[in-house]
Amino acid sequence: MRKNFIIAPVLQGFKGTQILFSIYKNSLFSITSRFHSCIGNINYKLTAISTLNRINYLFKSIDMSEYCVGLDSDFFQIIIENFNSNKKPNFSKLENFKKESLKTYESIFKQMKIL
């Protein structure tokens, strides 16, 4: 059973990012507890263990709370349920945030005469 688990290494830089995203993309399922790994895995099948409020807030803000569990909950059971589930996240709110962010940055860069 243990041969089916990979713990992503701590890597930095462009090459590190490529390796980590390759791991996320090719994983059947991810259990994450670090903020950056939650963001990196958000397009893939995952359950985030909320050890920090900001992880919980992230998932609530994009209407994906069911993919985030707190340590005070029966998180093992929720992880198993999410693993066995065929449900797909609704990315519409995330896409809206992306569009809004791009508009905001475009406006700022135009004001700064960078664009």
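Some points to look at:
- Any pair with Cβ under 9 angstrom, 6 or more apart, that starts in the stretch 87-115 at a residue that is over 24 Å from residue 58 (Cα atoms) and ends at one that is at pLDDT 80 or above and surrounded by 11 or more Cβ atoms within 10 Å (Cβ to Cβ): 114/108; 115/106; 115/109
- Consider the stretch 32-56 and keep the residues that are among the hydrophobic types (A, V, I, L, M, F, W, C) and not in a loop (DSSP other than H, G, I, E, B). The one that is surrounded by the fewest Cβ atoms within 10 Å (Cβ to Cβ) is 39.
- All positions within the stretch 69-83 that are closer than 22 Å to residue 93 by Cβ and in contact (Cβ under 8 Å) with a residue 24 or more places away in the chain: 78, 82
- Count - residues of the stretch 74-96 that are closer than 17 Å to residue 41 by Cα and open to solvent by less than 80 Å² (accessible area, probe 1.4 Å): 8
- Test: residue 95 is within 23 Å of residue 20 (Cα to Cα), of a type outside the set (Val, Ile, Thr), modelled with pLDDT of 80 or more and not in a strand (DSSP E or B): yes
- Test: residue in the stretch 62-77 that is aromatic (Phe, Trp, Tyr) and at pLDDT 80 or above: yes
- Test: residue in the stretch 57-64 that is without any contact (Cβ under 8 Å) to a residue 24 or more places away in the chain and surrounded by 16 or more Cβ atoms within 10 Å (Cβ to Cβ): yes
- Take the conditions (1) out of contact with any helix residue (DSSP H, G or I) (no Cβ under 6 Å at 6 or more places or on another chain); (2) in contact (Cβ under 8 Å) with a residue 12 or more places away in the chain; (3) open to solvent by 20 Å² or more (accessible area, probe 1.4 Å); residue 29 misses just one of them, which is (1).
- Qualifying residue in the stretch 77-92 (condition: within 22 Å of residue 16 (Cβ to Cβ), polar (S, T, N, Q), under 14 Å from the mean Cα position of the chain (by Cα) and outside any helix (DSSP H, G or I)): no
- In the stretch 42-72, the residues that are over 19 Å from residue 29 (Cα atoms) and among the charged types (D, E, K, R): 54, 60, 63, 72
The values are calculated or read from the model by the stated rules, or taken from the named source; none is laboratory data. Just so it is clear, the model here is predicted, and its values are computed rather than measured. Reconstructed Cβ throughout: ideal geometry from the backbone, glycine too, with neighbour counts over all protein chains shown. When the accessible area is computed, the model is the full protein with side chains, heavy atoms only, and any ligands, DNA or RNA have been set aside. Shrake-Rupley method; radii C 1.70, N 1.55, O 1.52, S 1.80 Å.
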